[in-house]
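The structure is given below, and queries will be raised subsequently.
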Amino acid sequence: MPGATRPVGGPQLAQIRRVVSEIPGPRSRELLARQRTLVPAGVGATLPVFVEAAGGGVIVDADGNSFIDFGSGIAVTTVGNSAPAVAGRAAAQLSRFTHTCFLVNPYESYLDVCEKLNTLAPIRGDKRTILVNSGAEAVENAVKIARAATGRPGIVVFDHAFHGRTLLTMTLTAKNKPYKQGFGPFAPEVHRAPMAYPYRWPTGPENCAEEAAQALVDLLDRQVGAENVAAVLMEPIQGEGGFVVPAPGFLKQVAAICRDRGILLIMDEVQAGMARTGRMFACEHEGVQPDLITTAKGLAGGLPLGAVTGRAELMDAVPAGGLGGTYSGNPVACEAALGVFEEIEEHDLLERAREIGDTMLEHLSALADTHEVIGDVRGRGAMVAVELVERHGDRVPAPDLTARIARRCHENGLLVLTAGSYGNVLRFLPPLSIPDALLEEGLAILSEAVAQEAAATG
Ligand SMILES: *Cc1c(COP(=O)(O)O)cnc(C)c1O
């Protein structure tokens, strides 16, 4: 049997960092060459080492390297890449049935996932949930529902936002390259407001929330007309945009502005939700209750699943047949999601996310004190980032330095991801199953990489 000697994930996987080849190693290079002949160039790779097994806090590649994982497959494997409850439930479901199509023959696990989300989502009153396949699909559906419920066409989004790669969601996304360039014409009725981005607010962080709220009001009332706007769509903490934590109070102000105008508030929790920040939903940190919430990434531990949860009267505004999809709410993915909820509850992963966040923020703040290239340290729970600049105070983005630090981390067995509108953010999203020793070791590797690259820059 060809796979018999391959490593397995789960609790058996050795929780160690090990670099035994150049990165990527010979086997991965071979496979990457093969990828180039089979897969279009538009599909990029941050760290092209081909994975054999992953779990706890490590990713093991085809050359036998074991990387400390600070990426979680982009905030997906929050409970780990091979968490027992997820793998066990999904495997059991595979042997029962793989698919019937929920629109043809429903099954109970779909309802169990919806019940969980309806119970946990910080939304007032009666709630309903629809399951879909991805984050982009969740956002698309939230927009459809908001338009159907309000009879209005307009959607307002923010600068630095990321909402997906489909035609509508790339339109909702702020950054041109690489997400939008060449892919137009874009969807109509999308309007963009400035984000309350404290580090980069022109008049300083103390004025940020108030002035950004004023700009939103101006856009709604003067430029678009509030009566033409179905929803304001925002990430509670921006993901791809660079882990921008909106200025304190801004979310609350946005919610109030929407409420006053009969505009719905959609919170895109695809990246920040599902225990990542130390709360089940990141908007809970700001005490905000949106009308609709989208989830995906962390929802099913790596199996494709997304969801829209919202107030029942809005969700029910779409007649039967208007929502759904062939694979939406696949039974294996639903079981995986139930496994995710079990893991979060059993291992108190909300507390674990806060602990990891405290460790990272303390370490990174100390690092920022000694290296002026670290302009900002921010985040919540296990969703933390540093923004790199030329010099402290000048705020000039340093994307090349950022890329060099990331590469040095990769060469030393630490997987980190970059982000940010200016490509100058290193983001850290360890799985909550990472052992403390690996977390500390990863932070030490990062510090060394920053020190070496900052010195090389002069
Ligand atoms: C990743 C992401 C999406 C898109 O999710 P996909 O599953 O990649 O389609 C949407 N919104 C946010 C905030 C995201 O981070």
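Test of understanding: what is the full-extension gain from residue 215 to residue 407, defined as 0.36 nm times their sequence separation minus their Cα-Cα distance? The partial results should precede the final answer.
Numbers: separation 192, 0.36 × 192 = 69.12 nm, distance 3.86 nm.
Separation in residues times 0.36 nm, less the Cα-Cα distance, equals 65.3 nm.
What does a probe at residue 96 reach in region 117-136, counting residues whose amide N is under 18 Å from the point 7 Å along Cα→Cβ?
Under 18 Å, as judged by backbone N against the label point of residue 96, lie 117, 131 of region 117-136.
So, one more: Given the C-alpha centroids of region 284-307 and region 150-222, what is the distance between them in whole angstrom?
Taking the Cα centre of region 150-222 as reference, the centre of region 284-307 is 20 Å away.
In region 301-385, which GluC sites (Glu not before Pro) are in a loop and have at most 14 other Cβ atoms within 10 Å, using DSSP for the loop call? Please list the in-between numbers first.
On the way: sites: 313, 335, 342, 343, 345, 346, 351, 355, 362, 372; in loops: 372.
Listed in order of number, the matching sites are 372.
Could you give the Stokes-Einstein D for the chain in µm² per second, using the C-alpha Kirkwood radius, 4 °C, 1.567 mPa s?
Values: Rh = 22.6 Å.
The estimated diffusion coefficient comes to 57 µm²/s.
To continue, here is another question. Please go through the residue pairs 127/297; 127/180; 116/175 and name each one whose alpha carbons sit more than 30 Å apart in this structure.
On the way: 127/297 21 Å; 127/180 34 Å; 116/175 34 Å.
In this structure, 127/180; 116/175 lie more than 30 Å apart at Cα.
Under Stokes-Einstein, with the Kirkwood radius over Cα pairs standing in for Rh, what whole-number D in µm²/s applies to region 95-180 at 25 °C and 0.890 mPa s? It would help to have the intermediate numbers written out before the result.
Details: Rh = 15.4 Å.
Here the translational diffusion coefficient equals 160 µm²/s.
Still on this structure, I have one more. Can you compute the modelled spin-label distance between residue 111 and residue 361, with each label point 7 Å from Cα toward Cβ, in nm?
Computed distance between label sites residue 111 and residue 361 equals 4.1 nm.
Let me ask you something else. From the helices alone, meaning DSSP H stretches of at least four residues, give me the mean residue ellipticity at 222 nm for the chain, per-run term -39500 (n - 2.57), in deg cm²/dmol to the nearest 500.
Values: 13 runs with 164 residues, N = 458.
Result for the chain: -11500 deg cm²/dmol, rounded to the nearest 500.
So, one more: So, in nm, how far is label residue 180 from label residue 166 when the simple model puts each one 7 Å beyond its Cα toward the Cβ?
Using points 7 Å along Cα→Cβ, the separation is 1.8 nm.
Residues of region 440-458 with amide nitrogen under 12 Å from the 7 Å Cα-to-Cβ point of residue 370?
Correct set: 444-452.
Any number yet on Rg/Rh for region 85-346, C-alpha, Kirkwood? Each step should come with its number before you reach the end.
Numbers: Rg = 18.1 Å, Rh = 18.6 Å.
Ratio value, two decimals: 0.97.
Values in this text are rule-based calculations from the coordinates and carry no lab data. Remember, it's a predicted structure, so these values are computed and weren't measured experimentally. Glycine gets a Cβ as well: all are built from the backbone with ideal geometry, and neighbour counts include every protein chain shown.
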